[in-house]
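See structure below.
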Amino acid sequence: MAFTMSHATRIPAAAAPAARRAAAAAPRVGVRAHFRITLRTPEGQDTAFECGPDELILDAADAAGVDMPFMCRSGTCMGCTGRRVEGELVQPDPGMLEPTHEAHGFALLCKSYPRSDLLILSHQEHEFYLSDCDAPGATVKISSR
């Protein structure tokens, strides 16, 4: 994917459907109170913390004292980009991520809510920019160690 200035300046909040936001915010009957989130650094170090289903993953990490990269908390800087390896999450407003990036596991942790226990590769901003998820037949290797 070529990164262009027009891509960087689009306003993602206007593009996010209200129905997606409402579905993510709706109460979930029978959902666990907290999920275990494990962040794995590029060096292979794991850090785990608890996160509620209605709590942003970045906020839960911050509250638990976990050192995470971020700058804007609005989905535009890409500093909090992670890569989902195991588990499910929802991003009602995926910010600068395209559907192909989401399909390859990329997630903005400032915009993501857990739906199960998760294993996430942290510090993936550089990997995001190097990925070519929009290329026909693109595949992205995800390594959990």
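Every number in this text was worked out from the coordinates using simple rules, so none of it is lab data. Just so you know, these numbers come straight off a predicted model, no measurement behind them. Quick reminder, even Gly has a Cβ in these numbers, built from the backbone with ideal geometry, and neighbours come from all protein chains shown.
Details
- Histogram of C-alpha separations across segment 33-145, 10 Å bin width, %: 15, 53, 29, 3, 0
- Under the simplified labelling scheme, the THR41-VAL66 pair shows an inter-label distance of 1.4 nm, with each label point 7 Å from Cα along Cα→Cβ.
- The modelled label-to-label distance between ASP54 and HIS34, using points 7 Å beyond Cα along the C-beta direction, is 1.7 nm.
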